[in-house]
Amino acid sequence: MIFIFSILALFLFAASLPATGILKTEFFSASNQDTISISLRAPSGLTLSEMDPITQKVEERLLKYPEIVSFSTLVGNSGSGNALSSGKNNSNTASISIKLTPTTEKRITSYELADKIREDVSDIQGATITVTAPRGGPPSGSAFEAQISGDDLQELDKIATDLEPILDSISGTVNSEISLRDAPAEYTFKLDPVKMRFYNLTTSSVGATLRTAISGTKISTVISGNKDIDVVAKFDEDKIPNLESIQNLQILNSQNQSVYIKDVAKIELKPSVESITRINQKRTVLLSADVSGKTNSNQVVSEFQKKVAAQYKLPQGYEITYGGENEQNAESVKSILRAMLIAGLLIISTMVIQFNSFRKAAIVLVTLPLALIGTFIGMTVFGITLSFPGLIGILALFGIVVKNAIILIDKINLNIKFGIPFFEAVVDAGKSRLEAIFITSICTIFGIIPITLSNELWRALGSAVIFGLLLSSFLTLFLVPALFITFVKSESKIKDNKCLDF
């Protein structure tokens, strides 16, 4: 019993490592990739001819890195439509996709190279330059993402602007960004309701006329050669060369009287935003950032929360939730825990059917925590982050550990069936199955070492299996017989007594 309680204490200690943060956790740890991306964003309204020289300065800096094989650049988007249309214009943006030498060659890691490039281009003026190295795994959003929700857009922008310096003060954060970006100012037609009633006009009629004049209105569709062609009615651009000509447009009211737009509408030039994000039907501004090198994103979130709680008071009616990698990590942990629960139920139900005993099935299930002891302690000692691949490794490890317990109990049952005394049957099973458990565990460990060392993305998966097997295989040979002798002996005595009575 002392041995069993010692194992329980060891398990509780191992389980406390990720719970207390001693064992670091994240969705996907940084891994060495063959690509890096750079994005540039200048103030709204910058033309392609003005954006191109800024991009060329970045390209010149990239030429000196021997790790870069090639890069391709896309500068802006010329937009569409005439000067008065609402076509989106991205002439103030640019992107550079960088291809690196293969990871098999000796070079610094992609995230270390990204840090060097980021520092190298930091003095280039005229645009915000973001250098990003893929962190491995599927797309999961930013490493850090605070979702600030509320009603007033200006207040949301103020909160995000106030919190950005706090985020930047956290070590390891880079490329901080606020999702609410300014766009070129827009002309707004403000209708006077009193004058609208006086001239017998409706908002829909004025809006329809302005839409037809500026961007055109679809009136029909013509089918030609199996293709649908939209017929759009719009004013001749020569007839509305400037804003004044639009103000002088005439609209017929319900009494067929002509009314000038300038008589019922006031045109104002107002600032605008590029886009408005809504999450759960609430206006939301995203404050996001990447992390450099092997900085743990979960630690960044935790430190940001502590600093906000101590230094900033949110206005009433506004809240902060956390998305990006943090949200994906929480969802992945929940999915793995559900899978583990289902796996445990399937294992115990199968064992009950196989052994026709709840006690023996419970003994098999008790061996599952043994997998976690070696995994958590080993990953903590060697500084390996518990990521999503690591959770998959733990789930796979459960099957191996259960297999070891099954072949032990099966041998004990066979020994008892052939008339070997109970205690001797348990000891003999441990001796005879020692070689099988040892060899299969060693083969599994050596088989998974190459993938563990070849790629940082799978290091957590391989480490979970290796560390878990190293300890659980050893403990299974002692714990299963100890539990069998403690809890199944009485069961066998009851059966023997029934046989004698019969």
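The alpha carbons of the stretch 32-134 stretch over 54, 24, 18 Å along the principal axes, in descending order.
Mean residue ellipticity at 222 nm, helices only, the chain: -17500 deg cm²/dmol; runs of at least 4 DSSP H residues each add -39,500 (n - 2.57), and the sum is divided by the number of residues. Computed from Cα positions, the angle between helix 110-120 and the longest principal axis of the chain comes to roughly 40 degrees. Under a model in which nothing but the beta-carbon of Lys, Arg (+1) and Asp, Glu (-1) is charged, the chain shows a dipole of about 1680 debye around its Cα centre. Computed 3J(HN,Hα) for the stretch 244-249, one whole-Hz value per residue from the Karplus formula 6.51 cos²θ - 1.76 cosθ + 1.60 where θ = phi - 60°, is 4, 5, 6, 4, 8, 5, glycine and proline marked x. Of the options (i) 29; (ii) 21; (iii) 45, only one is percent of Cα pairs over 43 Å apart as computed from these coordinates, and that is (iii).
Helix 324-355 and the longest principal axis of the C-alpha atoms of the chain enclose an angle of approximately 30°. For Gly150, nonlocal amide neighbours, meaning residues 5 or more places apart or on other chains whose placed amide H falls under 5 Å from its own, are Arg283. Taking 0.36 nm per residue of separation and subtracting the Cα-Cα distance, full extension of the segment from Lys431 to Asp192 would add 76.6 nm. Computed about its Cα centre, the charge dipole of the stretch 32-134 is approximately 160 debye, with only Lys, Arg, Asp and Glu carrying charge at their Cβ. Loop-located chymotrypsin sites (Phe, Trp or Tyr not before Pro) in the stretch 154-259 (DSSP state not H, G, I, E or B) with no more than 16 neighbouring Cβ atoms inside 10 Å: Phe235.
Computed packing ranks the peptides 279-285, 453-459 as 453-459, 279-285, most packed first, by mean other Cβ atoms within 10 Å.
Non-local lysine pairs in the stretch 32-134, meaning eight or more places apart or on different chains, with alpha-carbon distances under 29 Å, amount to 9.
Computed 3J(HN,Hα) for the stretch 189-201, one whole-Hz value per residue from the Karplus formula 6.51 cos²θ - 1.76 cosθ + 1.60 where θ = phi - 60°, is 8, 9, 7, 8, x, 5, 5, 4, 5, 4, 8, 6, 10, glycine and proline marked x.
The residue among Ile466, Gln316, Ile279 whose Cα reaches farthest toward the positive pole of the charge dipole of the chain, with charges on the beta-carbon of Lys, Arg, Asp and Glu, is Ile466. Each of Ile54, Gln125, Ser39 was scored by the projection of its Cα onto the charge dipole of the stretch 32-134, and the greatest displacement toward the positive side belongs to Ser39; charges sit on the C-beta of Lys, Arg, Asp and Glu.
Per-residue packing, averaged as other Cβ atoms within 10 Å, sorts the ranges 344-357, 374-387 into the order 374-387, 344-357, beginning with the highest. Angle of helix 297-311 to the longest C-alpha principal axis of the chain, folded into 0 to 90 degrees and rounded to 10: 60°.
Values in this text are rule-based calculations from the coordinates and carry no lab data. Since we're looking at a predicted model, the values are computed, not measured. Because the Cβ atoms are built from the backbone with ideal geometry, glycine has one as well, and the counts that use them run over all protein chains shown.
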